[in-house]
Amino acid sequence: MVSRKVFSGALRAERRTRKVGSGIEFADHRTYARGDDFRYIDWNLYGRLDKLLLRLFEEEEDLSIYILVDVSDSMAIGQPLPKLHYAMQIGAALTYVGLANLDRVAIIPFADRLIDRLPPSRGKNRIFRVFEFLKSCGIGGKTELAECMKTFVTQNKRRGLAVVISDFYDPDGFEQGLNTLRYNKFEPFVLQVYDKREAEPSLAGDLELVDCETGDVREVTVSKSLLEAYQREHERYCKQLEAYCTKYAMPFFRTHTSIPFDELVLKIFRSGGFLR
Amino acid sequence: MSFLGPIPFAVWAAVAGGAALLAVSAYIIKMRRRRFEVPFSHLWQRVLDQKDANALWKQLKRLISLLLMLLILGLILFAALDPTLGGVSRKARNVVVLIDASASMKAMDGDEEGTRSRLDIAKERAKALIDSMGGGDLALVMKVDGQATPMSRFSSDAPMLNKIIDGITASDTPADLTRALGAAADALRDRPNPLIVLVSDGAFPEPQLALVSWEPAVPPAPDPAAEGRGAPGATTGATAAAKAAWSTKNLATVDLSNIDVRYVPVGRRSDNVGVIAFNVRRYLANKAAYEVYVEVQNFGTEPARRQLRLYNGSTNVDSKTIDLAPGERKAEVYKELPASDDNKLRVSLQPADVDPASGINGSDPFPLDDEAYALLPARKKQKVLMVTEDNLFLEAAMLVYDNVEQFKVTPAEYDAKPSLADGMDVVIFDEHTPAVVPPPPASLLYFHPTGPHTPVAIRRELPSPRVTEIDEDHPVMRWITMSDVYMDKSNVFAVDPRQGESALAYSVRDPIIAAKRDGKRKIVAVGFSLPSEGRDGATDMPMRVAFPMLLVNTLDWFAGMSADLLTTYPTGQRERVPLDGVVGATEAEVKGPDGAITNVPVIDGLATFYGARVGYYDLTAKDALGRPMAQLELAANLASPAESDIAPSSELSLGGKALAAPEAFAISRSQKLWIFLLLIAMTLIVVEWVTYHRRITV
């Protein structure tokens, strides 16, 4: 997983940090000071310049990755499989990539609050625990992105990559939630999942539309023009989210459940620069 | 505009109000909608907020939809009132169209060229009348010939009525106007604005035209003066007589009170020469010859010349040219004509070759009365075989009848060789009842049959019988008196009518002479013996005049001849035809000249016959099981001077009142609107349906 920022890690790992230490990548020279380890003196330079200079190496540490999965009621909608299923598949895949890269990966399902939490862990062998966690995590509730992100940044002091997998159907808007991540030095990675049928519904006649999260009821007589207007509005909403992410340099991906998730992970994320 | 619907206005108003209320309620009541779960109604909200900018137009559309529905409802309810345009000034009428389909309507003078008949023109006029009917008018088409036949019910369906009129054909009978007017008046009874339109040439007998009453019949009131005098018996008698006279008169007349009767004349020419009588008879003395009587009349107003030809079968017996002055009736008698095997006689009037400039009429447009038909009972010398020991009484009696060829064999010779009777028309068994009898059609006469082969079952032997009753209606017993005939003894027959047997003479209740029809042959059995040498039974019957009469009658009956047998009947009249001694028939099948077969009942040996066509008819009598019993031929002729007088009457007077023509056939110009209203309603329903389903009006 590519992180554009460089975060300081806790353990030695495979990610460069700003720290100069015992890595293998050469970083710089500095003047020898008393007490330094003789093993890092660059004797070649001493022969040419007659100065004792010390070779510095980049420290390689791990990265904290937070997979934030929206498990609100709106994610339970979708045909033939709900969006949540698709989101969990993506979350599990990304978790595995992170674990394989010796990063610290945590999974946090959220809806109107942070519902549960899989603590940061490392190592590929933890992937089964991830599966069990995803299987057993509770779902339901309204989407309250801002509140959840506020709680998240409070609870997680170690900065890192925050992958938000959601449909972003929040009546209060997505901006505040994403801004909370940005302001607290997390790098948000926005992954919007939607079902094609909710973007282009095949409805007709006199209907009573019920919001699955809020329970709001709206009577409509669906005509062709109304359907077209809705499709435009949905597209506009998605474009708003994309434009917002682009504006603030947040990686953004939009996918629908008809795209096989392995193709999404292996090809689309890689071509989009999210995975290396 | 008038409203002719059957629904009372109050009921209609209640229904209309209820329906309107229902329609409005349907728009007010909240529609039950299908629930659908969406993940983010916020987006729908935004879309609907934009749409709500057009809320006024949306409400307006809904209002338009409601108004459209109310309009549809209004149109349907308005149609239920049966609104009729133009019916205010003239109320709907009930019309009976009487189409004269009598024989005279076959006259080919419908147009100048003579290619169309009067009936064609009459049907054309009647259809024009039907086509001019308004929506509220109802018409019934009735065919008038010898009978009055309603061809439809009261209907406003002009195409259907026109089709019925097209199907009417003229018959060969005179018209029975009285019956038709009576039927029409009955049909119009209690119907508003009754109207009878008679489309005819007016060729009706004067008596029929007079049998009409334009005023309601009122029974005679009792005479108060007679009552006051206190003579109750006399008063009652006078009143009853007056009432009887009144009833007789009024039963015969047709009550046309309050009925408007109009007349549409058809026909152009009046020149016609026709056969008005055609009769044929045999001579009593010489039945091998016959006499023919033909009467023709010129009904035209100018002299006429025709070829009068008489045919026996296809043989032209006589041909002559006859000249007739205007209105002249001429009778022709053909005497001593020799009979042949063909019994069909026909007389024909054929056009004569005349100079058109001579002013003599050579042909006429009415061919139906130019031919007449008659039947002569087939007559030939009968071969009679007498199976008898020398019986002088029998042989002597046979001598009086010169129309027979006699043969004689003894019973022993007959028994030895029954084929001796082959080819004989009649076999007389005198005191002999053989086991083998000649096959039909040979007829058989038995004197004193005995034993198991008797033609009619014998019940017992009766000593000293006296003839107390004879069947005078049977051809065999005609002109015979046997009341003082003496006989020693006689067999009594067990007559079974189911076997076609009938008793001709009784001794009290015991039949002693019986007749039988056995398929194609006839049998007469006499229960007593004729006197002869060596016989113990004796009768003085051969000494009586009745004996040769009995023999002659029997032989004539066997030959199918009767001096007064009528075989010619007029068309258009219901006649009762005697079936020539056929007993046990219950039904007869009548096959007409056109091949049409009808079944008629036979009651008391009389078949009901109604000839609608001129020509020859075959009548087959049948028993209860439908088996044919006997065949009879009949001839039917127009024989109606009134019908042959084809002069069209431009005016017709019924019961002293001249009938006016219909007012240019404009009976009523009303126009029904309900069909148009329903069409508009249906169109609006389609528009509403399409716009609703295209989500235009929602």
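The values are calculated or read from the model by the stated rules, or taken from the named source; none is laboratory data. Computed from a predicted structure; not experimentally measured. Reconstructed Cβ throughout: ideal geometry from the backbone, glycine too, with neighbour counts over all protein chains shown. The area values use the complete protein model at the heavy-atom level, side chains included, leaving out ligands, DNA and RNA. Shrake-Rupley method; radii C 1.70, N 1.55, O 1.52, S 1.80 Å.
Quick notes on this structure:
- Sorted on the mean count of surrounding Cβ atoms within 10 Å across their residues, most packed first, peptides A:156-164, B:475-483 read A:156-164, B:475-483.
- Between the amide H of B:ASP137 and those of B:ARG93, distances stay under 5 Å, these residues lying 5 or more places away or on another chain, with hydrogens modeled in the peptide plane.
- Compared with the dominant Cα axis of chain B, that is its longest principal axis, helix B:177-188 is turned about 40°.
- Estimated purely from DSSP H runs of n ≥ 4, each contributing -39500 (n - 2.57), the mean residue ellipticity at 222 nm for chain A is -9500 deg cm²/dmol once divided by its residues.
- Taking the charge dipole of the protein assembly as shown about its Cα centre, with +1 at Lys and Arg Cβ atoms and -1 at Asp and Glu Cβ atoms, the residue from B:MET160, B:LEU119, B:TYR446 reaching farthest to the positive side is B:MET160.
- Averaged over A:167-176, number of beta-carbon atoms from partner chains that fall within 10 Å: 2
- Buried accessible area, chains B and A (both chains, 1.4 Å probe, Å² to nearest 100): 3000 Å²
- Per-residue mean of C-beta atoms belonging to partner chains within 10 Å, peptide A:192-205: 2
- Helix-only mean residue ellipticity at 222 nm for chain B, each DSSP H run of n ≥ 4 adding -39500 (n - 2.57), per residue, nearest 500: -8000 deg cm²/dmol
- Close amide H contacts of B:VAL467 (hydrogens built in the peptide plane, cut-off under 5 Å, sequence separation of 5 or more or a different chain): B:VAL485.
- Cα-based shape type of the stretch B:115-161, given that a ≥ b ≥ c are square roots of the gyration tensor eigenvalues and the cut on a/c is 1.5: oblate
- For the stretch A:71-81, backbone phi angles converted through the Karplus equation (6.51, -1.76, 1.60; θ = phi - 60°) give residue-by-residue couplings of 10, 6, 4, 5, 6, 7, 9, x, 10, x, 10 Hz, Gly and Pro being listed as x.
- In terms of distances greater than 27 angstrom between alpha carbons, the cross-link table entries B:LYS417/B:LYS522; A:LYS135/A:LYS247; B:LYS335/B:LYS522; B:LYS381/B:LYS417; B:LYS522/B:LYS622 yield A:LYS135/A:LYS247; B:LYS335/B:LYS522.
- B:ASP402-B:SER653 FRET efficiency (beta carbon distance; Förster radius 51 Å; 0.05 resolution): 0.30
- DSSP-defined beta bridges in chain B - what % are antiparallel, rounded to 5: 65 percent
- Between the alpha-carbon centres of the stretch B:457-475 and the stretch B:21-62 there is a gap of 107 Å.
- The stretch B:506-549-the stretch B:431-445 distance, computed between alpha-carbon centres (Å): 15 Å
- Ligands, DNA and RNA excluded, the heavy atoms of A:CYS245 present near 0 Å² of accessible surface to a 1.4 Å solvent probe.
- Highest mean packing comes first when the peptides A:90-96, B:307-313, B:271-277 are listed by Cβ atoms within 10 Å, giving B:271-277, A:90-96, B:307-313.
- Heavy-atom SASA rank of B:ARG517, A:ARG270 (probe 1.4 Å, accessible area, largest first): A:ARG270, B:ARG517
- B:ALA435-B:ARG191 pseudo-label distance in nm [points 7 Å out on the Cα-to-Cβ vector]: 7.4 nm
- A cut-off of 5 Å between modelled amide H atoms, ignoring neighbours fewer than 5 places along the same chain, links B:SER213 with B:VAL254, B:ASP255, B:LEU256.
- Sorting B:ASP355, B:ASP260, B:ASP473, B:ASP137 by solvent-accessible area of protein heavy atoms yields B:ASP473, B:ASP355, B:ASP260, B:ASP137, largest first, with a 1.4 Å probe.
- Three-way shape label, the stretch A:135-182, alpha-carbon gyration tensor, a/c 1.5: oblate
- In the context of the full protein assembly, A:HIS29 retains an accessible surface of approximately 60 Å², using a probe radius of 1.4 Å and ignoring ligands and nucleic acids.
- Inter-probe distance in nm under a simple model that places probes 7 Å from Cα toward Cβ, at B:ARG466 and B:ILE28: 10.6 nm
- Lysines with Cα under 24 Å of B:LYS58, excluding same-chain neighbours fewer than 8 positions away: A:LYS224, B:LYS30
- Phi-based couplings in Hz for the stretch B:382-393 (Karplus 6.51, -1.76, 1.60; Gly and Pro marked x): 7, 8, 10, 9, 9, 9, 7, 6, 3, 10, 5, 4
- When only alpha carbons are used to place a centre, the stretch A:131-203 and the stretch B:152-168 end up 85 Å from one another.
- Remark: mean inter-chain Cβ contacts per residue of B:24-37 equal 3, using a 10 Å Cβ-Cβ cutoff to other protein chain atoms.
- Acute angle (nearest 10 degrees) that the helix B:674-693 long axis makes with the longest principal axis of chain B, alpha-carbon atoms: 50 degrees
- Axis of helix A:83-100 versus longest Cα principal axis of chain A: the two differ by about 10°, to the nearest ten degrees.
- Counting only residues at least eight positions apart within a chain, or on another chain, the aspartates and glutamates with an alpha carbon under 15 Å from that of B:LYS657 are B:GLU206, B:GLU215, B:ASP255, B:ASP260.
- Calculated from backbone phi, Karplus (6.51, -1.76, 1.60) coupling profile of the stretch A:215-221 in Hz, x at Gly/Pro: x, 5, 10, 9, 8, 9, 10
- Pairwise label distance in nanometres, B:ASP49 with B:MET543, each label 7 Å out on the Cα-Cβ vector: 14.4 nm
- Residues B:GLU336 and B:SER314, FRET efficiency given R0 of 30 Å [Cβ-Cβ distance, rounded to 0.05]: 0.90
- Beta bridges from DSSP with both residues in the stretch A:162-276: antiparallel share about 40 percent, rounded to the nearest 5.
- Taking the DSSP bridge list for the stretch B:353-498 and keeping only pairs wholly inside it, about 25 percent are antiparallel.
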